[in-house]
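Inspection log for the structure reproduced underneath, given as structure tokens.
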Amino acid sequence: MNAAEQLGQITSEVVVCTRCPLSQTRKLAVPGEGPATAQVLFVGEGPGGRENASGRPFVGPAGEFLQSLLTSIGWSRSSVFITNVVKCWPPGNRDPMPEEKQACNGYLDRQIFALQPKLIVTLGRHSMEKFFGPGRGISRIHGTTARWRGILCCAMYHPAAALHQPSLREIIQQDFARLPTFLEEAMLEPVEEPEPRLATPPAASPAEDAPSEVPQLKLF
């Protein structure tokens, strides 16, 4: 199957998924959206209430801010792929539980394998932990990069953070302004293909989801 077909297959599985209790409280699963040719993958934490109602990622106020951030760097939402660590709404917009993240982990890995993105942008702590490893603070490593399975990843605050803490808005805008440069760097360097996961695997060890090498932090 080509990339579009693989993504379509994943979507068809996600919308009927019952791998964790979130399937019992969701209205609509939110697989993610974007072109199969996207070079940039944005990974948030989980759908909110509006996403649960629409089946689309980032359609609430945080999505509006994300759209403005993309516009500010000359990118369009239609040119990138957007998804989340968990594909169903955690009730009350609570943090996703470890077992919920693990239930969706295989879906996300397969999306990455299908897309072969040049750059992955993590939005929020839960997304960051998958690609940068546990125990790292978003306030310390936002705007920095590391490689995960050969793919360049950049850690970002979740857009919703600026809605709750307006002082973060300028920081997020500054971090986003660096994304075109990070993408240019990623395009110039060879990338090893990530390994596909055809089914959700057992719980991953910290070493598996940690960066393939010690990240070279790129600070302001």
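None of the figures in this text is laboratory data; all of them are computed from the coordinates on show. Keep in mind that this is a model prediction, so the values were computed, not measured. Here the Cβ positions follow ideal geometry from the backbone for every residue, glycine too, while neighbour counts run over all protein chains shown.
Which listed residue (Gly55, Pro117, Gln102) has the Cα farthest towards the positive end of the charge dipole for the chain, taking +1 on Lys and Arg C-beta and -1 on Asp and Glu C-beta about the Cα centre?
Of the options given, the answer is Gly55.
How do Leu188, Leu115, Leu183, Leu163 line up, fewest other C-beta atoms within 10 Å first?
Leu188, Leu163, Leu183, Leu115
Provide the per-residue ³J(HN,Hα) series for the stretch 88-95, in order, calculated from phi with Karplus coefficients 6.51, -1.76, 1.60 and θ = phi - 60°, each as a whole number of Hz, with x at glycine and proline positions.
10, 5, x, x, x, 6, 6, 5
Just to check I understand the Karplus step: with θ = phi - 60° and J = 6.51 cos²θ - 1.76 cosθ + 1.60, what whole-Hz values come out for the stretch 2-19, glycine and proline as x?
Values per residue, Gly and Pro as x: 7, 4, 4, 5, 4, 5, x, 5, 4, 4, 5, 7, 5, 5, 10, 5, 10, 6 Hz.
So, in the stretch 3-188, how many Lys pairs have Cα atoms under 22 Å apart, if the pair is 8 or more places apart or on different chains?
For the stretch 3-188, the number of qualifying lysine pairs is 6.
Order by neighbour count: Asp95, Asp175, fewest other Cβ atoms within 10 Å first, most last. Show your work: numbers first, answer last.
Values: Asp95 14, Asp175 21.
Neighbour counts put them in this order, fewest first: Asp95, Asp175.
Can you give the FRET efficiency to the nearest 0.05 for Glu99 and Thr181, using r as the Cβ-Cβ distance and R₀ = 45 Å?
So, using R0 = 45 Å, E works out to roughly 0.75.
Please list the non-local residues whose amide H lies under 5 Å from the amide H of His158, H modeled 1.01 Å from N, same-chain partners needing a gap of 5 or more.
Excluding prolines and chain starts, which carry no amide H, the hits are Gly124, Arg125.
Calculate the spin-label point distance for Glu5 paired with Arg140, positioning each point 7 Å from the Cα along the beta-carbon direction, and give it in nanometres.
Placing both labels 7 Å beyond Cα along the Cβ direction yields 4.6 nm.
From the phi angles alone, apply the Karplus equation (6.51, -1.76, 1.60; θ = phi - 60°) to the stretch 76-87 and give each ³J(HN,Hα) in whole Hz, x where the residue is Gly or Pro.
10, 4, 6, 9, 10, 9, 10, 8, 9, 5, 10, 9
Please state the shape class of the stretch 71-113: rounded when a/c is under 1.5, otherwise prolate if a/b exceeds b/c and oblate if not, all from the C-alpha gyration tensor.
Details: a/c = 3.70, a/b = 1.62, b/c = 2.28.
Since a/c reaches 1.5 but b/c is at least a/b, the shape of the stretch 71-113 is classed as oblate.
What is the dipole size for the chain, taken about its Cα centre, with +1 at each Lys and Arg Cβ and -1 at each Asp and Glu Cβ, in debye to the nearest 20? Intermediate values should be presented prior to the final figure.
Numbers: 21 positive and 22 negative charges, 110 e Å.
Charge dipole, the chain, about its Cα centre: 520 debye, nearest 20.
Taking the dipole about the Cα centre of the chain, with the C-beta of Lys and Arg at +1 and of Asp and Glu at -1, give me whichever of Gly150, Met187, Ile138 is farthest to the positive side.
The Cα lying farthest towards the positive end belongs to Ile138.
Among Glu45, Glu170, Glu64, which one shows the highest mean-square fluctuation when the chain is modelled as a Gaussian network with alpha-carbon springs under 10 Å?
Glu170
Order the peptides 35-42, 151-158 from the highest to the lowest mean number of other Cβ atoms within 10 Å of their residues.
151-158, 35-42
Subtract the Cα-Cα distance of Gln39 and Gln116 from 0.36 nm times their separation in residues, and report this length gain in nm to one decimal.
That pair, Gln39 and Gln116, stretches by 27.0 nm at full extension.
Which trypsin sites (Lys or Arg not before Pro) from the stretch 68-172 combine a DSSP loop assignment with at most 12 other Cβ atoms within 10 Å?
Arg94
Of the residues Gln24, Gln67, Gln174, which exhibits the maximal mean-square fluctuation in a Gaussian network model of the chain defined by a 10 Å Cα contact cut-off?
Gln24
Check which residues have an amide H placed less than 5 Å from Trp148's amide H, if you skip close sequence neighbours.
Distant-sequence amide H within range of Trp148: Cys153, Ser212.
Using 0.36 nm per residue, how much length does the chain from Ser72 to Val15 gain when fully extended, once their Cα-Cα distance is taken away?
Value of the extension gain: 17.3 nm.
Taking the chain as a Gaussian network, Cα atoms linked when under 10 Å apart, which of Pro61, Pro117, Pro90 shows the biggest mean-square fluctuation?
In the Gaussian network model the winner is Pro61.
Would you work out if the chain is rounded, prolate or oblate? Take a ≥ b ≥ c from the square roots of the eigenvalues of the alpha-carbon gyration tensor; rounded if a/c is under 1.5, else prolate when a/b is larger than b/c, oblate otherwise.
It comes out rounded by the Cα gyration axes.
Looking at the square roots a ≥ b ≥ c of the eigenvalues of the Cα gyration tensor of the stretch 1-90, which shape do they give, rounded for a/c under 1.5, prolate if a/b is larger than b/c, or oblate?
oblate
Quick one: check the C-alpha center-to-center distance for the stretch 117-152 versus the stretch 16-70, whole angstrom.
19
I want to check the label-to-label distance for Leu188 and Gln24. Put each point 7 Å from Cα in the C-beta direction and report it in nm to one decimal.
5.3
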